[in-house]
Amino acid sequence: MPPLRTALLQNSGHPGDPAGNLKVLDEAAARAAADGAGLLVTAEMFLTGYAIGGGVRDLAERADGPSGRAVADIAAAHGLAILYGYPERHAGAVHNSARLVGADGTELANYRKTHLYGCFERASFTPGETPVVQATVGELTVGILVCYDVEFPENVRAHALAGTDLLLVPTAQMHPFEFVAESLIPVRAFESQMYIAYVNRSGPEGEFDFVGLSCLAGPDGATCLRAGRGEELLLGDVDPKLLTTSRRINPYLRDRRPGLYTSLG
């Protein structure tokens with residue numbers, strides 16, 4: 001299987017301005033596609049901004065709403081899949097969601113964040129109830145989590161057991177939690193034998209200072225890509241051959257004893 005060139009867009013865009021963020025996305029998609037990318041991943045709540053208070057509810061849309069259709073058009077125009085974060089309005093609730101559209105503009109998956117972080121998120125969103133959401137991009141099984149979700153090892157292990165090759169994690173990681181991007185993400189990739197694309201916002205926004213440090217971590221525990229603190233578009237390859245080799249020599253998943261864990265709850 002050929003590698004999947006993956007682009008990580010570390011950019012906070014224009015908080016409160018979906019039209020402006022769609023323009024940023026279109027420009028990034030054009031650059032990524034020109035460099036051979038088959039997948040572009042954005043940060044948490046990229047479409048609207050994260051620290052926008054009541055604007056979250058005001059700007060929330062259905063997955064197939066006007067902004068969702070605009071993203072689909074961008075994906076189809078540039079011929080690459082796009083994963084983007086947005087506030088989703090569904091059945092009277094608002095979710096912190098991430099939606100994956102294919103290179104032809106069709107929806108491949110939609111995930112609702114299951115673990116909400118802090119007072120702002122718990123006041124603004126309803127948590128999702130589906131822990132593992134997957135799709136196929138190229139020849140890889142791709143899974144989705146959002147930010148805080150990846151900090152629970154159970155979530156990542158559930159994806160590993162379900163066969164996820166590449167876990168996409170749009171995030172809004174702020175100071176002083178840099179260690180999550182720097183240390184935790186490569187460990188998660190190693191212990192569950194997958195690639196993890198962790199894509200953050202950058203710079204000050206409202207009361208938060210987003211730290212950047214987006215990364216692509218491999219199943220060997222190596223960080224293939226690492227951003228700094230500012231806006232960046234990173235490109236790297238997710239290599240199925242490395243997945244096969246690493247899973248063969250790393251025994252974690254084979255050596256599990258699930259019968260011992262049933263009392264852990």
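One quarter of the surface of the convex hull around the alpha-carbon atoms of segment 98-226 equals 8.0 nm², the direction-averaged projected area.
Which of rounded, prolate, oblate describes segment 226-265, given a ≥ b ≥ c as roots of the alpha-carbon gyration tensor eigenvalues and a/c under 1.5 marking rounded, otherwise prolate only if a/b is larger than b/c? Don't skip to the end; give the middle numbers.
Details: a/c = 5.04, a/b = 1.78, b/c = 2.83.
Here segment 226-265 falls in the oblate category.
Relative to the 2.2 N^0.38 Å rule of thumb, the chain has a C-alpha radius of gyration ratio of 0.94. 3J(HN,Hα) along segment 173-190: 8, 10, 4, x, 9, 4, 4, 4, 5, 6, 10, 5, 5, x, 5, 4, 4, 5 Hz, from the Karplus curve 6.51 cos²θ - 1.76 cosθ + 1.60 with θ = phi - 60°, whole Hz, x for Gly and Pro. Take the Cα radius of gyration of segment 19-88 and divide it by 2.2 N^0.38 Å, N being the number of residues; the result is 1.09. Three principal axis extents of segment 153-233 based on alpha-carbon atoms, in descending order, are 38, 22, 18 Å.
Each principal axis of the Cα atoms in segment 121-181 has its own extent, and those three values, largest first, are 36, 27, 21 angstrom. Residue separation of A93 and C119 scaled by 0.36 nm, minus their Cα-Cα distance, works out to 7.7 nm of gained length. Across segment 207-216, computed HN-Hα scalar couplings (Karplus, 6.51 cos²θ - 1.76 cosθ + 1.60, θ = phi - 60°) run 7, 9, 10, 7, 9, x, 6, 3, 8, 10 Hz from first to last residue, x flagging Gly and Pro.
For R5, the accessible area of its heavy atoms, probed at 1.4 Å with every protein chain present, is near 90 square angstrom. Taking amide H positions as modeled 1.01 Å from N, with prolines and chain starts lacking one, the residues under 5 Å from V94 and 5 or more places away or on another chain are T126. The residues of the chain have, on average, 41 Å² of accessible surface per residue, using a 1.4 Å probe with all protein chains present. Taking the Cα atoms of segment 67-156, the ratio Rg/Rh between the radius of gyration and the Kirkwood radius comes to 0.99. Roughly what angle does helix 18-34 make with the longest principal axis of the chain, taking Cα atoms, 0 to 90 degrees, to the nearest 10? The answer is roughly 50 degrees.
The values are calculated or read from the model by the stated rules, or taken from the named source; none is laboratory data. Predicted model only: the values in this text are computed from it and were never measured. Accessible surface areas use protein heavy atoms only, side chains included; no ligands, DNA or RNA. Shrake-Rupley method; radii C 1.70, N 1.55, O 1.52, S 1.80 Å.
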